[in-house]
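As structure tokens, the structure follows; a few thoughts come after it.
The values are calculated or read from the model by the stated rules, or taken from the named source; none is laboratory data. Computed from a predicted model, the values in this text were never measured in an experiment. Here the Cβ positions follow ideal geometry from the backbone for every residue, glycine too, while neighbour counts run over all protein chains shown.
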Amino acid sequence: MRHYYQDSHTTLYHADARDAVDAIPPVDLLLTDPSYGHHFTSNRVRGRKLRPVRNDGIRQSVRLYRQVLPLIQAEHVLWFCHWKAYADASDIVGQYFRTRGLLIWDKGHPGLGDKAHPGTDYEFIASAGDGKLAVKRGGSIIRGHKPVPPTRRRHMHEKPISLGQHLLTMFGASSMADTFFGSGNFLVAAKELGISAYGIDLEEQNCETAARALEATMAGEVGSFRYPARGTLHPSRSLNLRKAEPRPATPRRFRSADVSGTDQPARAGDRVAGEMPYASAPA
Ligand SMILES: C[S@@+](CC[C@H](N)C(=O)[O-])C[C@H]1O[C@@H](n2cnc3c(N)ncnc32)[C@H](O)[C@@H]1O
């Protein structure tokens, strides 16, 4: 586990969530979007090759859910999941937090996929725990937050910052964690709202992307983070970690060497009692 970045509101760990989740204090909200469990194969966006997401097989994801959820101390959980993984995700989340319902993010237009079937223009969010609404009660379908356009994406599964803010505001969180932060957009959303936040991601490139975004974000100022100019977006193009410029003393980054578990996300002997084998899932 490596303590990667720290500022006035946000702490980042470059780690396997299973190893780092103990370092996170109790929070109001776990808002997270783990690997989806459907082996996404199209990793090209207009000619740019995005990195495939780690732990994205159904069996690996279910194993991860079972190992992370019991360690989380949160009042409420909002857990993104692909519709194919929803039954498992809801079941596992419900073992540790009181099942409350399903939220649906209406993305407004169908994505790629089976051209002979209606497109998937939504994502599921399992909602569980003891959180109380802090806003006027509405329905469970969340609209008005457009997906990040492919040309601007810094992560294959990047979620809009405004969606993060919508969800953080819903239960009035004053502290949050995202144990699979990817681009870090939920952490940026939290910082813009002045919420203290803890993030974990297995990929160093994601930590760097998120750290850069957080450095460019003003605490308590919604809309302060601006996307970088086109052509400098994806870390594989714009980032050379070895040649990175030294950072100012604050915000702080931590460069200690020990990152346990990052090369072996599906660890030998990880199988947890009760985990169901998936006939269709890859071994
Ligand atoms: C669906 S993406 C998150 C996208 C994010 N919500 C965003 O807006 O960019 C899931 C992330 O989980 C990370 N991940 C996969 N296995 C992990 C593990 N064991 N511990 C921590 N992070 C992990 C991947 O590197 C990936 O960035």
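For the range 149-166, filtered to residues that are at pLDDT 95 or above and out of contact with any Phe, Trp or Tyr (no Cβ under 8 Å at 6 or more places or on another chain), the residue that is nearest to the ligand (Cβ to nearest atom) is GLU158. Within the range 202-227, residues that are over 14 Å from GLY182 (Cβ atoms) and free of Cβ contacts under 8 Å to residues at least 12 places away in the same chain reach partners that are basic (Lys, Arg) and in a loop (DSSP other than H, G, I, E, B) with beta carbons closer than 8 Å, at six or more positions or on different chains, in the pairs ALA216/ARG226. Considering the range 189-214, and only residues there that are more than 9 Å from the ligand (Cβ to nearest atom) and of a type in the set (A, V, I, L, M), the residue that is farthest from SER224 (Cα to Cα) turns out to be ALA197. Hey, does the range 122-138 have a residue that's on the phi > 0 side of the Ramachandran plot and free of Cβ contacts under 8 Å to residues at least 24 places away in the same chain? Checking the range 122-138: not a single residue is on the phi > 0 side of the Ramachandran plot and free of Cβ contacts under 8 Å to residues at least 24 places away in the same chain. Annotation note: of PHE181, PHE225, the sole residue that is in a loop (DSSP other than H, G, I, E, B), buried (at least 24 other Cβ atoms within 10 Å of the Cβ) and on the phi < 0 side of the Ramachandran plot is PHE181. Scanning the range 11-63 for residues that are modelled with pLDDT under 60, touching a strand residue (DSSP E or B) at 6+ places or on another chain (Cβ under 9 Å) and either of a type outside the set (S, T, N, Q) or over 21 Å from CYS207 (Cβ atoms) (or both) yields a total of 2.
Residues in the range 11-22 that are surrounded by fewer than 24 Cβ atoms within 10 Å (Cβ to Cβ) and either without any contact (Cβ under 8 Å) to a residue 40 or more places away in the chain or among the hydroxyl-bearing types (Ser, Thr, Tyr) (or both): THR11 only. Residue check: PRO228 meets all listed conditions (1) more than 10 Å from the ligand (Cβ to nearest atom); (2) at pLDDT 95 or above but one, namely (2).
Here GLN73, GLN67, GLN60 are screened, and the one residue that is surrounded by fewer than 23 Cβ atoms within 10 Å (Cβ to Cβ), within 11 Å of the ligand (Cβ to nearest atom) and within 17 Å of ILE24 (Cα to Cα) is GLN67. Could you grab me the full set of residues in the range 94-109 that are surrounded by 14 or more Cβ atoms within 10 Å (Cβ to Cβ) and part of a loop (DSSP other than H, G, I, E, B)? Within the range 94-109, PHE97, LYS107 meet the criteria. Looking across the range 77-93, the residues that are among the aromatic types (Phe, Trp, Tyr) and either surrounded by fewer than 20 Cβ atoms within 10 Å (Cβ to Cβ) or on the phi > 0 side of the Ramachandran plot (or both) come down to TRP83, TYR86. Among residues of the range 149-169 that are closer than 20 Å to GLU203 by Cβ, those with a beta-carbon under 8 Å from a residue that is more than 8 Å from the ligand (Cβ to nearest atom) and of a type in the set (Lys, Arg) at least six positions away or on a different chain give the pairs PRO150/ARG46; ARG152/ARG230; MET156/ARG51.
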